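A.B. asks: Quick one: the structure is below, and I'll ask about it shortly.
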Amino acid sequence: MAATETAGIEQFDEEPATKLLILARITETAERFEDMCTIMGKLVKKKHASSEGLEVEERNMLSVAYKNVVGQRRASWRTLKAEEDADEGNADHKTYRSKYKKLVETELKNKCLEVLNLLETNLIVEVFEPDVDDATTTETQVFYLKMCGDYYRYLAEFSDEEEYKTEAGSKYEKAMALAKINLAPTHPTRLGLALNASVCYYEIMNESEKACTLAKEAFDEAIQKLDSLSDSTYKDSTLIMQLLRDNLTIWTSESQDNANVEEHED
C-alpha cells in the first residue's frame, strides 16, 4: 500500500511549478498535509533549479504544510512525555509507551531535517547584503531564517544534541539582525520572530533574562509605532504583541503554564 501511495505522488514529478502549486492548493483543501509537504518540496527544488525564488503564497504554503505535519507529531510527543513524567501505567504500558515515543521522535526528527534541508539548500542565501530599498527581499530571508530557527528548536525539544540548540540560536540571531535593518517594529514577521526566539531562549536554552529582554523590547518598540500599522497587518501584528505580553506576564511571575500558547507563525 505504501509503495502505491508513493508512486501516486511521483506521477507529478515532471509537472511544471505552476501545476504543482495548483496541486498543493488541492492537498491543502483536502487536509492531506503529508502530500502537501511532498508537493511543496518538489516545487521548491524545481524553482531553485530555475534560479527562481518562491512567491509569498508559495512560501506560506510551504510553512503551512510542514507546520501541520510537524505540529501533529509535536503534540503527540508532548502527550507521551507528560505521561512518562507522571510515571503513569504499569510496567508493560511504560515499556511500550517508551518504544512508541521513540518512534514518534524518529518521525519528528526526519520531518524537521527534511524541511531544514529544503530551506538551507534551496532558499536561504548564505551571503546576503540587505538592500534598504528592498524590504521585501530582506523580509523573505528573515522568514526563512525564522523557519530554520523554529525547526531546530523543535529538534532541541526532545534531543540532547547541543548542535540543535546552537543552530536554533544562530538562525534566530541572524534573522533578528536582518529584521532590524529594514523591517518596521510592527511588521508581523519581525514580531513573530521575536516571539519564537524568546520562547527558544526561555524554554530550550534556559536563558530567562534574555527571553524577557527580547520580548519586552519587541513589544515596547511595536507599541510606540502602533499608529503606523496598516489595515492589512493590524490583526496579525496586534495578536503577536498580545502573545508577547502574555508570555512576559507568565515569565516575570515565574509561574509558567505549559498550556500557554507558545508561538505564532505566519
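A.B. asks: With the structure loaded, tell me whether I26 is at pLDDT 95 or above and loosely packed, with under 14 Cβ neighbours inside 10 Å or whether it fails that test.
C.D. replies: Yes: the conditions hold for I26.
A.B. asks: Hey, another quick one. Mind checking which pairs have a first residue in the stretch 83-102 that is closer than 14 Å to F158 by Cβ and a second that is in a helix (DSSP H, G or I) and among the aliphatic types (A, V, I, L, M), Cβ under 9 Å, 6 or more apart or different chains?
C.D. replies: As it stands, the answer is S98/L80; Y100/L80; K101/L80, since those pairs meet every condition given.
A.B. asks: Do we have E83 as surrounded by 12 or more Cβ atoms within 10 Å (Cβ to Cβ) and at pLDDT below 95 here?
C.D. replies: It is true that E83 is surrounded by 12 or more Cβ atoms within 10 Å (Cβ to Cβ) and at pLDDT below 95.
A.B. asks: Let me ask something else. Do you know which residues across the stretch 132-164 are of a type in the set (G, A, S) and more than 12 Å from the chain's Cα centre (by Cα)?
C.D. replies: A135, A156, S159
A.B. asks: Give me the pairs: first residue in the stretch 160-187 and within 18 Å of Q224 (Cα to Cα), second residue of a type in the set (D, E, K, R) and in a helix (DSSP H, G or I), beta-carbon distance under 7 Å, and six or more apart or on different chains, which are they?
C.D. replies: The qualifying pairs are A179/R190; L183/E139; L183/R190; P185/E221.
A.B. asks: Out of curiosity, is K42 surrounded by 12 or more Cβ atoms within 10 Å (Cβ to Cβ), part of a helix (DSSP H, G or I) and touching a Gly at 6+ places or on another chain (Cβ under 8 Å)?
C.D. replies: The answer is no for K42.
A.B. asks: Within the set of pairs 6 or more residues apart or between chains, which connect a residue that is at pLDDT below 95 inside the stretch 233-258 to a residue that is of a type in the set (D, E) and exposed (fewer than 14 other Cβ atoms within 10 Å of the Cβ) with Cβ atoms less than 9 Å apart?
C.D. replies: Close Cβ pairs (under 9 Å, with a partner that is of a type in the set (D, E) and exposed (fewer than 14 other Cβ atoms within 10 Å of the Cβ)) amount to I250/D257.
A.B. asks: Any chance you could count how many residues in the stretch 87-126 are assigned to a loop (DSSP other than H, G, I, E, B) and under 22 Å from the mean Cα position of the chain (by Cα)?
C.D. replies: Summing the residues that are assigned to a loop (DSSP other than H, G, I, E, B) and under 22 Å from the mean Cα position of the chain (by Cα) in the stretch 87-126 gives 3.
A.B. asks: Against the definition (acidic (D, E) and within 28 Å of V142 (Cβ to Cβ)), how does E105 come out, yes or no?
C.D. replies: no
A.B. asks: Let me ask something else about it. From the list E173, E167, E217, which residue is over 19 Å from the mean Cα position of the chain (by Cα), of a type in the set (D, E) and either surrounded by fewer than 19 Cβ atoms within 10 Å (Cβ to Cβ) or modelled with pLDDT of 95 or more (or both)?
C.D. replies: Among E173, E167, E217, only E217 is over 19 Å from the mean Cα position of the chain (by Cα), of a type in the set (D, E) and either surrounded by fewer than 19 Cβ atoms within 10 Å (Cβ to Cβ) or modelled with pLDDT of 95 or more (or both).
A.B. asks: Here is a further query. Among the residues of the stretch 175-196, which ones are in a helix (DSSP H, G or I) and closer than 20 Å to E126 by Cα?
C.D. replies: A175, M176, A177, L178, A179, K180, I181, N182, T189, R190, L193 - these are the residues of the stretch 175-196 that are in a helix (DSSP H, G or I) and closer than 20 Å to E126 by Cα.
A.B. asks: How many residues are part of a loop (DSSP other than H, G, I, E, B) and not small (G, A, S) when one looks only at the stretch 200-251?
C.D. replies: Of the residues in that region, 5 qualify.
A.B. asks: I'd like to check something: does the stretch 135-157 contain any residue that is at pLDDT below 95, out of contact with any strand residue (DSSP E or B) (no Cβ under 7 Å at 6 or more places or on another chain), not hydroxyl-bearing (S, T, Y) and not in a helix (DSSP H, G or I)?
C.D. replies: no
The values are calculated or read from the model by the stated rules, or taken from the named source; none is laboratory data. Just so we're clear, the structure is a prediction, and the values are computed from it rather than from any experiment. Note: ideal-geometry Cβ built from the backbone for every residue, glycine included; neighbour counts use all protein chains shown.
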